[in-house]
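This report refers to the structure that appears directly beneath it.
Bear in mind that the values in this text are calculations on the coordinates, not laboratory data. All of these numbers come straight from a predicted model, not from anything done at the bench. Neighbour counts run over all protein chains shown; Cβ positions are idealised from the backbone, glycine included.
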Amino acid sequence: MIISLFFYLFSFIIVSCAVMVISSRNPVHSVLFLILAFFNSGALFVMLGAEFLAMMLVIVYVGAVAVLFLFVVMMLNINYSQIKDGFQKYYPIGSLIGLILFIEIILMINGDNVLVSQKDSLTNNVPNTHQIGAILYTDYIYIFQISGLILLVAMVGAITLTLRDRPGVKKQNIIDQNARKVSDVITIVKVKKNET
């Protein structure tokens with residue numbers, strides 16, 4: 001009974017926050033509602049016994065993505081009138097996509113194959129972190145490695161695209177630093193007693 005009550009409470013907060021994310025006029029408020037929705041989703045994962053997924057959701061999405069998005073939104077000078085004009089232009093296609101997603105959610109809830117079978121449930125004594133690791137590093141190891149390589153290439157590409165040579169900026173030269181002698185940078189002075 002108490003578990004069902006908490007489930008409905010967290011679910012209601014998530015749905016309410018999701019509505020506020022898309023209906024809030026201020027983008028900063030939207031991001032704050034998104035962070036609240038992530039925390040409540042993490043609480044639902046804890047109730048399901050998936051503590052690792054809950055912590056990853058909170059650390060990755062709240063700690064990195066949502067906070068980064070919040071700082072970007074706060075630093076940008078956003079013209080709200082242009083956003084409102086664009087919203088009116090894309091309202092019909094957005095409504096159609098929202099209706100399709102709503103129908104898919106209803107079909108998924110009513111489907112029989114969505115229910116997890118008893119042998120695949122998390123009720124056994126193996127922690128979910130071990131189960132995720134066993135599946136991730138056995139069945140999906142190639143996909144996991146390919147996704148890591150794609151992220152590495154994206155990171156190197158982003159650094160390469162944003163790296164600019166700026167005049168007057170001091171740069172580190174490792175070869176020069178390693179070739180320096182101690183006598184070139186430090187002068188040892190013997191101070192006599194009672195002298196300042």
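At q = 0.22, 0.23 Å⁻¹, what is the log10 ratio I(q)/I(0) for region 134-196, with the Debye formula run over Cα points and no solvent?
The Cα Debye sum returns log10 ratios of -0.98, -1.01.
Order of 55-63, 134-142, 4-12, 174-182 by packing, highest average Cβ count within 10 Å first? Numbers along the way, then the final one.
On the way: 55-63: 15.3, 134-142: 10.4, 4-12: 12.4, 174-182: 7.6.
Ranked by mean Cβ neighbours within 10 Å, highest first: 55-63, 4-12, 134-142, 174-182.
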